Amino acid sequence: MTELAPEAAEDLLEDCWEQIDSPNQPPHPLAAPLQRHLQRTRHVYRFESPAASLAQSLSPDWQQWAWNANALWWTPGSDSNPALLSDPAGRTLHGPGSFDAEAQIPFLPESRQRRMESETLLRNRNLDPVDGTAPVPSSSEVETFAPAVAAKRMLGLFAVAARAEAMANGQTLDLDRVRERSPQAADALTPAEKDFFDFVSPPAEMVDTAAWRYESLHTLQWALQMQPDLDWPDERCDLASVLRLILSLPHEDLIGHAILRPVEELLRAADLHVCLWWKLAIEGASGHDAPAGLDPGVVAERVHALTWLLQLSGGVPEEASSMSWDQVGREIEHGIVG
């Protein structure tokens, strides 16, 4: 077994990516998690064996190595055989035809332990966790946006939510007014948020969505150690507290002095809320009311903020952080989280 050079690994991963995204194949339920796993890959190895199939090649020791290394097996295609992507036990995750229903995307022990803790918290609230959902990655696999970037995103959210609140009260708040009061907030707006400000009279649905951004704002305040707790998501945040923290400090200081919580703490919150998001999705699809008093809007906004901050959808340059926020929102709308 030999480790591939970085450029060879990039070519191989691009090949995997193209197959996963291929329009010539039916939608693959593991496509998004597989893409993200490949993005997090640190090393790619070529494994050569005379055996006819991967399953015959993998001894228990090799399988255990792959589980411990968070590794996937890639079998290149040939004239007679298609390329395959397999889990550590050699079960097909992706390739022509159907995948193995028992195949699993590997996660490091830290991620699986965190998921067990999240599920325990759900059971303590008399909630049965949804089986088969993927845990969030480990602390060694994620990279947060810089604290200053998170603080700027917080100010952008404040501008959007404040405009929605003003419109609900029959008032106006245009972009020029925002720029006058906080140029940092105006500069932090995402493309979709700028579209919201471009409407003199935006649709009611757009205004309602913008009003929910106070919950994302509260989540980022918690992540930036400005709020002490992230309580059980059964009611909306204390708006007076959120606004006081935004309005009482110079925005330059909020950005310059921003400090994030430890990544392990952020991941615990993210994994718990991803579990809750899936629970709400399953119950909603069955026509049931939200269990345990959960507020679906609060859960969705927290998942949005934490997924973006931890770059769980894949790492992007900091200059693309605003576009990344919009992308995460679209993924959540389409039922993709974590």
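The values are calculated or read from the model by the stated rules, or taken from the named source; none is laboratory data. Given the structure is predicted, the values throughout are model-derived calculations rather than measurements. Methodologically, a virtual Cβ is constructed for each residue, glycine included, from the backbone with ideal geometry; neighbour enumeration extends over all protein chains shown. Ligands, DNA and RNA are excluded from the accessible area calculation, which covers all protein heavy atoms including side chains. Shrake-Rupley method; radii C 1.70, N 1.55, O 1.52, S 1.80 Å.
What the table below lists for this structure:
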read-out: Residues of the stretch 87-115 satisfying the condition of being farther than 27 Å from CYS275 by Cβ, crowded, with 16+ Cβ neighbours inside 10 Å and of a type in the set (Gly, Ala, Ser); value: GLY90, GLY95
read-out: Exclusive hit being touching a Ser or Thr at 6+ places or on another chain (Cβ under 9 Å), open to solvent by less than 50 Å² (accessible area, probe 1.4 Å) and modelled with pLDDT under 70, set LEU72, LEU58, LEU13, LEU30; value: LEU13
read-out: Residues within the stretch 166-214 that are at pLDDT 95 or above, in a loop (DSSP other than H, G, I, E, B) and of a type in the set (Phe, Trp, Tyr), tallied; value: 1
read-out: Residue among ALA223, ALA210, ALA192, ALA186 that alone is open to solvent by 40 Å² or more (accessible area, probe 1.4 Å) and out of contact with any strand residue (DSSP E or B) (no Cβ under 8 Å at 6 or more places or on another chain); value: ALA192
read-out: Residue list for the stretch 143-161, restricted to those being open to solvent by 20 Å² or more (accessible area, probe 1.4 Å) and either more than 20 Å from the chain's Cα centre (by Cα) or closer than 16 Å to HIS304 by Cβ (or both); value: THR144, VAL149, PHE158
read-out: Flag for LEU243 being under 30 Å from GLY315 (Cα atoms) and surrounded by 13 or more Cβ atoms within 10 Å (Cβ to Cβ); value: no
read-out: When residues of the stretch 257-290 are limited to those that are touching a helix residue (DSSP H, G or I) at 6+ places or on another chain (Cβ under 7 Å) and open to solvent by 60 Å² or more (accessible area, probe 1.4 Å), the one nearest to ARG181 (Cα to Cα); value: ILE259
read-out: Residue count for the stretch 297-338, restricted to those that are in contact (Cβ under 8 Å) with a residue 24 or more places away in the chain, under 16 Å from TRP278 (Cα atoms) and more than 12 Å from the chain's Cα centre (by Cα); value: 3
read-out: Residue in the stretch 33-55 that is modelled with the lowest pLDDT, counting only those that are assigned to a helix (DSSP H, G or I) and among the basic types (Lys, Arg); value: ARG40
read-out: From VAL200, VAL142, VAL178, residue being within 30 Å of LEU38 (Cα to Cα) and among the β-branched types (Val, Ile, Thr); value: VAL142
read-out: Residues (open to solvent by less than 10 Å² (accessible area, probe 1.4 Å) and not aromatic (Phe, Trp, Tyr)) located in the stretch 315-328; value: VAL328
